[in-house]
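This report concerns only the one structure given below.
Read-outs: derived from the displayed coordinates by stated rules, not from any lab. The structure presented is a predicted model; accordingly, all values stated were derived computationally and were not measured. Glycine gets a Cβ as well: all are built from the backbone with ideal geometry, and neighbour counts include every protein chain shown.
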Amino acid sequence: MQRIGVFVCHCGTNIAGTVDVKAVAEALKFEPGVVVSTDYQYMCSQAGQEMIKEAIIENKLTGIVVCSCSPRMHEATFRKTAAAAGLNPYMVEIANIREQCSWVHKDIPTGTEKAIILGKAAIAKVNLNAPLTPGESPVTKRALVIGGGIAGIQTALDIADAGFPVDIVETKPTIGGKMAQLDKTFPTLDCAACILTPKMVDVATNDKIRIFSYSEVSEVNGFVGNFDVTIKRRARYVKEDICTGCGLCTEKCPQKKVPNEFNLNMDNRRAIYIPFAQAVPKVATIDPESCTMLKTGKCGVCSKVCTVGAIDYNAKDEFITEKYGAIVVATGFNPISMDKFDEYAYSQSKDVITSLELERLMNAAGPTGGTLLRPSDGEHPHTIVFVQCVGSRCDSCAEKGKEYCSKICCMYTAKHAMLIRDKYPDTDVYVFYIDVRTPGKNFDEFYRRAVEEYGVHYIKGMVGKVSPEGGKLKVRASDLIDGKQLNIDADLVVLAAAIEPDKSARPLATMLTASMDTNDFFTEAHPKLRPVESPTAGVYLSGTCQGPKDIPETVSQAGAAASMVIALLCKDKLTGNPCVAHSDEMMCNGCSTCEKVCPYGAITYIDKEFRMPDRTTKVRRVAQVNEAVCQGCGACTVACMSGAMDLKGFTNKQIFAEVDAICK
Amino acid sequence: MQMNEYKPLIVAFCCNWCSYAGADLAGNNRLSYPADVKIIRVPCSCRVNPMFILRAFQKGADGVIICGCHPGDCHYTSGNYYTRRRMALLFSMLEFLGIERERTRVEWVSAAEGAKFAETMNDFAETVAALGENKRLEDLRCKK
């Protein structure tokens, strides 16, 4: 028989507000096995934990139930408390009477009644708990960063700085990500390339960092500390270790009409190309979709002009498998497609552009060499209209856009407006907005400068329609403050397109078994306290894959993710989860059903000798669980027909006891 | 709400990674749902043995709901697919035994869907309450 202690937490008024805590402690006193039942203001406080420790020692408790907040919050805390008092940490059960009781039920009798039942269920379970000891597994001291934008770059640099090897996998031919495409950055207006490219060079020259560019993750197996990752290195038809990046091939290639995705298809590149001058690795790549040699076998110009013989038309995709201890996701974002926003005439006129396209038009390395010219006729625009929240904050048009705020648009629009007014003072700039949101260090000051010093016309109201008419764009909009309809003849319209997670994030999340929210942003382990960890152990989040962010936030999150990775890689061994499957060999009939449902291949079969009652021996095939590989899902326990398989910590008996306690 | 209104007894099995977290989120956001819903935490929805559900009905539950991660998002890769198949089979058997289909349900609730959790529980509790007390399969010896 267990000796159980019950500790009911008030959590200030969080629980005590709708649950009569004293009545709960009183009612649970008479449950089977309970020897002490008490309540306290804050169980998780130092004093509360001391109280639990003393009670364990004084009453020789063999199990405890803490009626408090969610186990997702403080289960680990109370397990440590129990361990400090010499009790096996797995003899602790939590009755969730806050998130799943006091916070959802409004009146005291209902809350109290439910809290008592939840307490009873936890007591019934802990009565059947057994002490568990976690196994240990080694840690592969190498990290993988998926995505080579500023988030991935910073994370990799920080991890490498601590002395651990890091690999970056990037789908594009170069690292740099979206930041490489930007012209200037807010709120300081320093040039994006000037602050990014030195970091890219640092990555390239760091002997702890390997870059797998033009590559993608194709398979992930294993678990925290021991991931096996298969990386697909797409054929770039240029030998990376030989190419010097001289760029001669990219000048001589006769295929000149390939849309240049780095400049958002506003100009052309060759079939063999280096995305931009500071690309890392600075290696040419052949685009197999456009290369005449690869499509028809007739050309070979690049091979002829290459002085080092780096071209290899017979290259094939390669797959490499590496072991990693930790994985950082830094897959970033993209602006959403403007297809569903035809009221702004994006598909009808070349002079309706997105903000990212404007970045390229203003960039010295962009298609116009940094002079702001209309894409349609190459003229200087004199009236420019910015439309904010295109697809952001669409609560009534969720099928078109996103419900969330994309966060960066207010600031980059202020930046664009300011830069344009600075460079071309004869230009009229209008910004149509729902709200201007500028929280952040020096952000509101920046926006006010745009309005006060640079005379940008900010108008609260949305643009209803943009129609191309006679070389102009007729913008019809409402001014909500003056209550007027406005008609503006604009030369250029810039849409602040909402941002969304990169499309590669969803399949990656499936491979990593990391959870995502409804918008395909990765979910963090705790929204406030564990913001850079995914709920999946060993998987960390960096940058906009977790939610919209600007560059300073991305860099700080990248550093935070790196520090979590370093903390993990510093360990020589990890303690595993002891709540794993266990097979009762006497009951197992060796049918293999459990082996088939196990997603981890943790179950194997062995032939084992059993002594029979008549002193003879008999060899039987029985299931054996590899505890280091088992993740404790319990699929096998239900599949097992003979009832031999059970899950420690969530045994059949325990769950039956909980059901019984609830249904009493 | 009337005082003497019939209160159904509902057992909810929630997977640790998605739905239990979704239930916590509903709590964090103070979204109410009936107190008749009692949650049992399991590592994965695939840990729910059909026997647990039979036991709940035997002991007098009026409805049983199983919540797991959305298809494709299972923390254990494929657990919720097993759940989906097993429960489809079990529920049709239960219907054959006279337990209305509406008393059993499998729902996918992610960790970010607190509102969906509360809505689902409100809807399920309402549906079960409309059916009234469950008499089938109940072991009267369990009632003193």
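Specify, per residue and in Å³, the volume enclosed by the convex hull of the alpha carbon atoms belonging to region A:518-568. Let's see the in-between values first.
Numbers: hull volume 3.5 nm³, N = 51.
Enclosed volume per residue, from the Cα hull, is 69 Å³.
Restricting attention to region A:68-160, which trypsin sites (Lys or Arg not before Pro) occupy a DSSP loop and are surrounded by at most 16 other Cβ atoms within 10 Å? It would help to have the intermediate numbers written out before the result.
Working: sites: A:Arg72, A:Arg79, A:Lys80, A:Arg98, A:Lys106, A:Lys114, A:Lys120, A:Lys125, A:Lys141, A:Arg142; in loops: A:Lys106, A:Lys141, A:Arg142.
Loop-located and lightly packed - A:Lys106.
Can you give the Rg/Rh ratio of region A:291-356, where Rg is from the C-alpha atoms and Rh is the Kirkwood radius?
Values: Rg = 21.4 Å, Rh = 17.8 Å.
Using only Cα positions, Rg/Rh for region A:291-356 is 1.21.
Once fully extended, how much extra length lies between A:Asp190 and A:Glu261, figured as 0.36 nm per residue of separation less the alpha-carbon to alpha-carbon distance?
Contour length minus the Cα-Cα distance gives 23.2 nm.
Need the C-alpha centroid separation for region A:1-28 versus region A:447-471, integer Å.
Comparing the Cα centres of region A:1-28 and region A:447-471, I get a distance of 59 Å.
Quick one: Cα convex hull volume of the protein assembly as shown, Å³ per residue?
For the protein assembly as shown, the hull spanned by Cα atoms encloses 215 Å³ per residue.
Separation of region A:297-326 and region A:609-664 by C-alpha centroid, Å?
Their Cα centres are 52 Å away from one another.
Can you put A:Met362, A:Met641 in order of Cβ neighbours within 10 angstrom, beginning with the fewest?
Ranking A:Met362, A:Met641 by Cβ neighbours within 10 Å, fewest first, gives A:Met641, A:Met362.
Quick one: what do you get for region A:220-345 if you divide its Cα Rg by 2.2 N^0.38 Å?
For region A:220-345, the normalised Cα radius of gyration comes out at 1.32.
Would you mind getting me the FRET efficiency between A:Lys423 and A:Thr133? Use the beta-carbon distance for r and R0 = 41 Å, nearest 0.05.
Plugging the Cβ-Cβ distance into 1/(1 + (r/R0)^6) gives 0.05.
Excluding the sites themselves, what is the longest stretch of chain A that contains no GluC sites (Glu not before Pro) in a DSSP loop with at most 12 other C-beta atoms within 10 Å?
In chain A, the maximal stretch lacking such sites is A:1-288.
Quantify how strongly other chains surround peptide B:11-23 by giving the mean number of their Cβ atoms within 10 Å of each of its Cβ atoms.
4
What's the extension gain from A:Leu373 to A:Arg3 if we count 0.36 nm per residue and subtract their Cα-Cα distance?
Going from the current span to full extension adds 125.2 nm.
Taking loop as defined by DSSP and a crowding limit of 12 other beta carbons within 10 Å, which chymotrypsin sites (Phe, Trp or Tyr not before Pro) in region A:20-73 fit?
A:Phe30
Counting DSSP beta bridges in the protein assembly as shown, what percent are antiparallel, to the nearest 5?
Of the beta bridges lying entirely in the protein assembly as shown, close to 45 percent run antiparallel.
Just name one of A:Phe30, A:Gly12, A:Met43: the one whose Cα is farthest towards the positive end of the charge dipole of region A:1-99 (beta-carbon charges, Lys/Arg +1, Asp/Glu -1).
Result: A:Met43, furthest along the dipole toward the positive end.
From the Cα trace of region A:402-537, what convex hull volume per residue do you get, rounded to a whole Å³?
161 Å³
If only Cα atoms are counted, what is the Rg of region A:334-500, and what is its Dmax, in Å?
Spelled out, the Cα radius of gyration and Dmax of region A:334-500 are 14.9, 44 Å.
If you take the beta carbon distance between A:Cys570 and A:Glu403 as r and set R0 to 60 Å, what does 1/(1 + (r/R0)^6) give as a FRET efficiency, to the nearest 0.05?
The formula returns an efficiency of 0.90 here.
What does the charge add up to near A:Glu343, with Lys and Arg as +1, Asp and Glu as -1, over the other residues with Cβ less than 14 Å from its Cβ?
So the surrounding residues net to +3.
Straight distance only, please: which aspartates and glutamates reach the Cα of A:Lys80 with their own Cα at less than 19 Å, same-chain residues fewer than 8 apart left out?
Partners found: A:Glu50, A:Glu54, A:Glu58, A:Glu93, A:Glu136.
I want to verify the translational diffusion coefficient of region A:581-648 in µm²/s; compute it with Stokes-Einstein, Rh as the Kirkwood radius over Cα pairs, at 37 °C and 0.692 mPa s.
The calculation lands on 270 µm²/s.
Ranked by Cβ crowding within 10 angstrom, fewest neighbours first, how are A:Met586, B:Met87 ordered?
A:Met586, B:Met87
At each listed q (0.18 Å⁻¹), what is the log10 of I(q)/I(0) that the Debye formula gives for region A:375-442 modelled as equal alpha-carbon point scatterers?
These q points yield log10 I(q)/I(0) values of -0.79.
How are the alpha carbon pair distances in chain B distributed across 5 Å bins from zero to the largest one, expressed in percent?
Histogramming chain B at 5 Å steps yields 2, 11, 20, 22, 20, 14, 7, 3, 1, 0 percent.
Residues in region A:418-438, backbone N under 14 Å from the label point at A:Ile481 (7 Å along the Cα-to-beta-carbon vector): list them, ranges by number please.
A:430-437
Could you check the spin-label model distance between A:Asp339 and A:Thr321? Points 7 Å from the Cα along Cα→Cβ, value in nm.
Distance between label points: 3.8 nm.
Can you tell me which aspartates and glutamates have their Cα less than 17 Å from the Cα of A:Lys465? Leave out same-chain residues fewer than eight positions away.
Qualifying aspartates and glutamates at Cα under 17 Å: A:Asp339, A:Asp342, A:Glu343, A:Asp351, A:Asp479, A:Asp489, A:Asp491.
Note the count of lysine pairs whose C-alpha atoms are less than 15 angstrom apart in chain B, limited to pairs 8 or more residues apart or on different chains.
Total qualifying Lys-Lys pairs in chain B comes to 7.
Can you list residues whose amide H is under 5 Å from B:Val106's amide H, if they're 5+ apart or on another chain and H is modeled 1.01 Å from N?
Those lying under 5 Å, H to H, from B:Val106 are B:Ile66.
Name the lysines eligible as straight-distance cross-link partners of A:Lys199: C-alpha to C-alpha under 22 Å, and not fewer than 8 places from it in the same chain.
A:Lys172, A:Lys178, A:Lys184, A:Lys208, A:Lys282, A:Lys549
Once Rh is set to the Kirkwood radius over Cα pairs, what Stokes-Einstein translational diffusion coefficient, in µm²/s, holds for region A:1-112 at a temperature of 20 °C and a viscosity of 1.002 mPa s?
Estimated via Stokes-Einstein, D reaches 157 µm²/s.
For A:Phe521, B:Phe117, what ranking results if the residue with the fewest other Cβ atoms within 10 Å of its Cβ goes first?
Exposure proxy ranking, most exposed first: A:Phe521, B:Phe117.
Set the Förster distance to 41 Å, then compute FRET efficiency between A:Asn626 and A:Asn519 from the Cβ-Cβ distance, nearest 0.05.
0.65
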